[in-house]
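See structure below.
The values are calculated or read from the model by the stated rules, or taken from the named source; none is laboratory data. On a predicted model such as this, the values are computed, not experimentally measured, just so you know. FYI the Cβ positions are ideal-geometry reconstructions off the backbone, even for glycines, and counts take in every protein chain you see. To get the accessible areas, we keep the full protein, side chains included, count just its heavy atoms, and leave off ligands, DNA and RNA. Shrake-Rupley method; radii C 1.70, N 1.55, O 1.52, S 1.80 Å.
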Amino acid sequence: MPGDPHVIAVSVLGTTVLQRDGLEVALPAAKLRALLAVLTLERGHDVSVDRIVDALWGQEPPRSVHNTLQSYVVALRDALDPGRAARTPTSLLVTTGASYRLAIPANAVDAERLVAATEDAAALVAQ
């Protein structure tokens with residue numbers, strides 16, 4: 001049903017993969033997957049447009065970089081929250097000024113689950 005929350009999971013260890021409700025979501029463009037990876041690695045923090053542009057295109061972005069980035073953001077929002085009505089805000093990929101923030105829980109990210117498991121194991125060994 002539109003507006004219902006989805007269970008989101010992101011894998012960044014290896015190929016970047018987005019899952020929604022346990023099913024892999026197709027992200028056909030390499031730059032779209034790169035955008036997801038950048039936002040995931042900074043999960044919960046604002047990532048400036050300039051930092052994203054640098055991460056995706058380096059020192060020579062195309063002239064239309066801001067329009068292109070905006071189209072990737074729209075596509076990623078649609079992938080994360082497909083039931084959301086067009087041009088309505090989402091709580092998963094938030095715009096804050098000239099920045100974007102991926103607002104998913106830490107346990108939705110494979111790398112963060114790995115860190116937590118490693119810390120738990122280290123604590124057990126230290127006992």
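If each residue of separation counts as 0.36 nm, what is the full-extension length gain between LEU13 and VAL94 once their alpha-carbon separation is subtracted? Could you put the intermediate results ahead of the total?
Numbers: separation 81, 0.36 × 81 = 29.16 nm, distance 2.36 nm.
Contour length minus Cα-Cα distance gives 26.8 nm.
Counting only DSSP H runs of at least 4 residues, each contributing -39500 (n - 2.57), and dividing by the residue count of the chain, the helix-based mean residue ellipticity at 222 nm comes to -13500 deg cm²/dmol.
Trypsin sites (Lys or Arg not before Pro), restricted to segment 26-127: which are DSSP loop and have at most 12 other Cβ atoms within 10 Å? Write down the numbers at each step before the final one.
On the way: sites: LYS31, ARG33, ARG43, ARG51, ARG63, ARG77, ARG84, ARG87, ARG101, ARG113; in loops: ARG43, ARG63, ARG84, ARG87.
Taking segment 26-127 and a limit of 12 other Cβ atoms within 10 Å, the loop trypsin sites (Lys or Arg not before Pro) found are ARG63, ARG87.
Please figure out what share of the DSSP beta bridges in the chain is antiparallel and state it in percent, rounded to the nearest 5. Don't jump to the answer; show the numbers that get you there.
Working: 13 of 14 bridges.
Around 95 percent antiparallel, to the nearest 5.
Per residue, how much accessible area does the chain have with a 1.4 Å probe, in Å²? Accessible surface, normalised per residue, equals 60 Å².
With a ≥ b ≥ c taken as the square roots of the eigenvalues of the C-alpha gyration tensor of segment 23-85, please select rounded if a/c is under 1.5 and otherwise prolate if a/b is larger than b/c or oblate if it is not? Prolate.
Annotation: amide H-H contacts under 5 Å for LEU93 (H modelled 1.01 Å from N, sequence separation of 5 or more, or interchain): ALA103.
Leaving ligands, DNA and RNA out of it, report the carbon-plus-sulfur percent of the accessible area of the chain at a 1.4 Å probe. Could you put the intermediate results ahead of the total?
Values: 4220 of 7640 Å².
Roughly 55 percent, rounded to a whole number.
Seen from every direction in turn and averaged, the convex hull around the alpha carbons of segment 69-116 projects onto 4.1 nm².
Please say if segment 1-119 is rounded, prolate or oblate, where rounded means a/c under 1.5 for a ≥ b ≥ c the square roots of the C-alpha gyration tensor eigenvalues, and otherwise the choice is prolate for a/b larger than b/c and oblate otherwise? Oblate shape, in that a/c is at least 1.5 and b/c is the bigger or equal ratio.
In the chain, the longest principal axis of the Cα atoms and the axis of helix 110-126 are about 20 degrees apart.
Only protein heavy atoms count here; on that basis, with a 1.4 Å probe, ASP81 has an accessible area of about 30 Å².
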